[in-house]
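Accompanying notes for the structure given below.
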Amino acid sequence: MQLSDGFEGKLMPAGATAGAAVPTPLRGTAKYLPLRKALNRAAPYVFIAPAAIITTLALAYPMLQSVWLSFRDWSLGTPLGQSRFVGLANYEWLLHDPNFWASAAVTLTFAFAVVVVEVLLGVMLAILLDRELRFVSLFRTIFILPMMVAPIVVGLVWRYMYNEQFGTFAHLLKALGFAPVPWLSSPKLALISVIIADVWQWTPFIFILSLAALQSLPASALEAARIDGATHWQMVWHIKVPLMMPVIAVAALLRLIDAFKVLEVIYILTEGGPGLSTEIMSLHIYKTAFVSQQLGQAAALSNMLLLIVLALTVIFAALTAVRQRREKLAAARR
Amino acid sequence: MPSIQIKGLQKRFGALSVIDGLDLDMADKEFTVLVGPSGCGKSTTLRMVAGLEDASGGEIWIGNREVSRLDPKDRDIAMVFQDYALYPHMDVARNMSFALRLARYPKAEIDARVTRVAELLSISHLLSRKPRELSGGQRQRVAMGRALVKDASVFLFDEPLSNLDAKLRSQMRAELALMRKRVEKNMIYVTHDQIEAMTLGDRIVVMHGGKIQQQGSPSDLYRRPANLFVAGFIGSPPMNVLRGELSEAGGRLCVRGSGFDLALPDQRGAALAGRRDRAVIVGLRPSSIRSGATQDGASSLSVNIRLAEYVGAHSVLIADCGGEAVTIEVNSESPFASEGAAQFWVEPESIHLFDPVTEAAI
Ligand SMILES: Nc1ncnc2c1ncn2[C@@H]1O[C@H](COP(=O)(O)OP(=O)(O)OP(=O)(O)O)[C@@H](O)[C@H]1O
Ligand SMILES: [Mg+2]
């Protein structure tokens, strides 16, 4: 969980050597020195600038627009100019709207469930397949495939498989003599079914990142552990997993952020139903905007979603910082 | 007692045969050094003893157990790696205690052992640091400490000093020599540095091309190299190699070539009888070449000095003898022209002779 760790460490010495390399030939022309130094110091910012500018434009403009919109009452199909300023009315509305709270709960449940399951499965698969056996590379390729399928297609395929009359699971259960399961029509099961589909598609993401992390572990440390008497699983638990942790943490965070924005698969599988049982926030926003045609309210909703994701990221960063601080303190105290 | 025996050890990587029938006996508490040029199979041999690499054939005995099919953890060994192989996420104390914690030793005993070994290696003040917060030399000590804490009966070292700079290396070498006196264990030490081998080893095993060239005490190898390879590998600066011919002049045995005519000890006459008037390879240690001429003129080495390298107490002369390069070590006090022709002689007892075909010592 050391996101920022390597970067500072690497940038500093590079800048330092660049500065140190200059003086000797320029000593005679001392007045140019400050300029040189300034240029050197500015170099990183110059390189970052194009990306920063594009990101700011592409990110800030829609975001500000959406904030502005969330203070107005604007129906779809009417000119934007006729929209009314309504102050905080949209936010007041959504805080009193039980549907908002329901979809927030669904979103949180969905996001945390998929991330936990995907991380556990992905890391376990990577550990199992991190060896040189025949067919292993074939398996690795197969496991990565779901990630490459377009979400719309994933939704359609799973919708077919879940179908209660002629779906794949229905056939299987029937053949085995079990009663049919209302995968998508039961409010209790629907969210689980949706979670399963997402796990199917995104476990490979954790899997390939974990596998890459595993294969770049220091080989001699693993050999040292073997000599120190670690069994296969002790090695996994005491050496491999801790050393993979920074990669796993970042992968999990990326998945979490992504899980908050998922739309297509759920839209196709359940359209948020039955009832509101699978209506995650992005779907709720979509419906508010294009079914209820309340663009101002939809903007307020999406700002709330943004705030939630932002809060999670900040919490994550804070946890990392606190942990690092505590480690440093502990080291200093001893 | 755990002496180590290796019988007919083989290792193949696919079609490539790296070790081909290696036999080695090590007495209990002996410090054995495997030395040889890069790629000769030292690490592979050591890793087979450790169990990190499966042997393709042969047996490895530690004490009265055949271990070549056992897991590393069941062989009662400890190992120090070239790149230290510390666990990056554990502090020094946890690195050192990892094996004991896995073996579920009581905490008090673990602490006691770690403390004792840390004191032995003067790393007590580093116990709460992570490996990345240590210097190369400190990491090296921690790696050593991790091996010592285990109290295994066999210690394996794979070039443990080769990542250190020259000064630190000689310092650590001295410390290793001291530690090895206090820790009475079987140790197998791999290096390609013959000075490390000479200073540390009870027994040196010189390897080349997957085969043992010679084994014995450091002075054995220095004084009686079994073949030209060992002669050239052990000793610094390396032995001079000249082509010559055996002959007998006036009842005295000597070896002649362009620029030299060196007397041999009389007692070698019998052994060399069959080789009279035949070609031989002459090996001369730079330190056994003396300046001046003998009274009887029976032994002479005429060279043309090209360069004198002042090292301190002695100087190394780079010279030319009948078209071949010769290095000579002389006392810096004695007056020497740094260039030009000069006369030397060689003590008869210190002349090495080798067969030009088999390269074995005669
Ligand atoms: N896994 C492997 N696969 C194929 N060949 C290997 C493998 N490991 C080692 N070899 C080969 O075996 C030979 C001996 O290697 P080894 O590592 O034992 O050399 P070494 O004596 O330790 O050399 P160095 O002093 O450079 O460490 C080399 O020719 C090397 O290329
Ligand atoms: Mg090696």
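The values are calculated or read from the model by the stated rules, or taken from the named source; none is laboratory data. Given the structure is predicted, the values throughout are model-derived calculations rather than measurements. Here Cβ is always computed from backbone atoms with ideal geometry, including for glycine, and neighbour counts include all displayed protein chains. What goes into the accessible areas is simple: the full protein's heavy atoms, side chains included, and nothing from ligands, DNA or RNA. Shrake-Rupley method; radii C 1.70, N 1.55, O 1.52, S 1.80 Å.
On a full-extension model of 0.36 nm per residue, what is the gain between A:A179 and A:A212, subtracting their alpha-carbon distance, rounded to one decimal in nm?
Gain in length upon complete extension: 7.6 nm.
To the nearest 0.05, how large is the calculated FRET efficiency for A:H171 and A:T141 if R₀ is 35 Å and r is the Cβ-Cβ distance?
Rounded to the nearest 0.05, the efficiency is 0.80.
Sticking with the crude label model, points 7 Å out along Cα→Cβ, report the distance from B:S124 to B:Q343 in nm, one decimal please.
Placing both labels 7 Å beyond Cα along the Cβ direction yields 6.5 nm.
Within the range B:115-197, which GluC sites (Glu not before Pro) sit in a loop by DSSP and count at most 11 neighbouring Cβ atoms inside 10 Å?
In loop regions of the range B:115-197 (DSSP not H, G, I, E or B), the sparsely surrounded GluC sites (Glu not before Pro) are B:E184.
For the range B:240-354, what's the radius of gyration and Dmax over Cα atoms, in angstrom?
Spelled out, the Cα radius of gyration and Dmax of the range B:240-354 are 14.2, 44 Å.
So what's the Cα pair-distance distribution over the range A:48-200, bin width 5 Å, in %?
The distribution over the range A:48-200 is 1, 7, 9, 10, 11, 12, 14, 12, 8, 6, 4, 3, 1, 0, given as percents.
Which value, in Å² rounded to 10, gives the accessible area of B:R278 with a 1.4 Å probe and all protein chains present?
Rounded to the nearest 10, the figure is 130 Å².
Taking the Cα of B:D25, stepping 7 Å toward and past its beta carbon, and measuring to each backbone N in the range B:2-17: which are under 14 Å?
Label zone hits: B:3-8.
Could you give the C-alpha radius of gyration of chain A expressed as a fraction of 2.2 N^0.38 Å, taking N as the number of residues it contains?
1.30
Please identify which residues in the range A:287-302 have an amide N closer than 14 Å to a label point set 7 Å out from the Cα of A:E271, following the Cα→Cβ vector.
It comes to A:287-288, A:290-292, nothing else.
Can you work out the FRET efficiency for the pair B:S334 and B:D54, with r the C-beta to C-beta distance and R0 = 51 Å, to the nearest 0.05?
0.35
Obtain the nm distance between the two label points defined at A:T109 and B:R94 by a simple spin-label model: each point lies 7 Å from its Cα along the Cα-to-C-beta direction.
According to this spin-label approximation, the distance is 3.7 nm.
For the protein assembly as shown, report the accessible area per residue in Å² (1.4 Å probe, heavy atoms, rounded to an integer).
52
Please give the net charge around B:I123, taking every other residue with its beta carbon less than 11 angstrom from that of B:I123, where Lys and Arg add +1 and Asp and Glu add -1.
Computed value for this residue: +3.
Between A:F85 and A:T313, how high is the FRET efficiency from 1/(1 + (r/R0)^6) when r is the Cβ-Cβ distance and R₀ = 41 Å? Nearest 0.05.
0.85
Ignore the peptide's own chain and count Cβ atoms of other chains within 10 Å of each Cβ in A:291-300; give me the average, rounded.
0
Taking the Cα atoms of the range B:4-233, what is the range of coordinates along each of the three principal axes, in descending order and whole Å?
The principal-axis extents, from largest down, are 51, 39, 31 Å.
In chain A, which helices (entire DSSP H runs) extend 15 Å or more along their own long axis, judged by Cα positions, while averaging at least -1.0 on the Kyte-Doolittle scale?
Going by DSSP H runs, the hits are A:5-21, A:33-69, A:98-129, A:151-162, A:187-215, A:241-259, A:295-333.
B:K7 to B:I318: extension gain in nm, 0.36 nm per residue of separation minus the Cα-Cα distance?
Extra length from B:K7 to B:I318 when fully extended: 107.6 nm.
Total Å² of accessible surface buried at the B-A contact, 1.4 Å probe, nearest 100?
Its buried surface, counting both partners, is about 2000 Å².
Take A:T55 and A:R134, extend 7 Å from each Cα along the Cα→Cβ direction, and tell me the distance between the two endpoints in nm.
4.9
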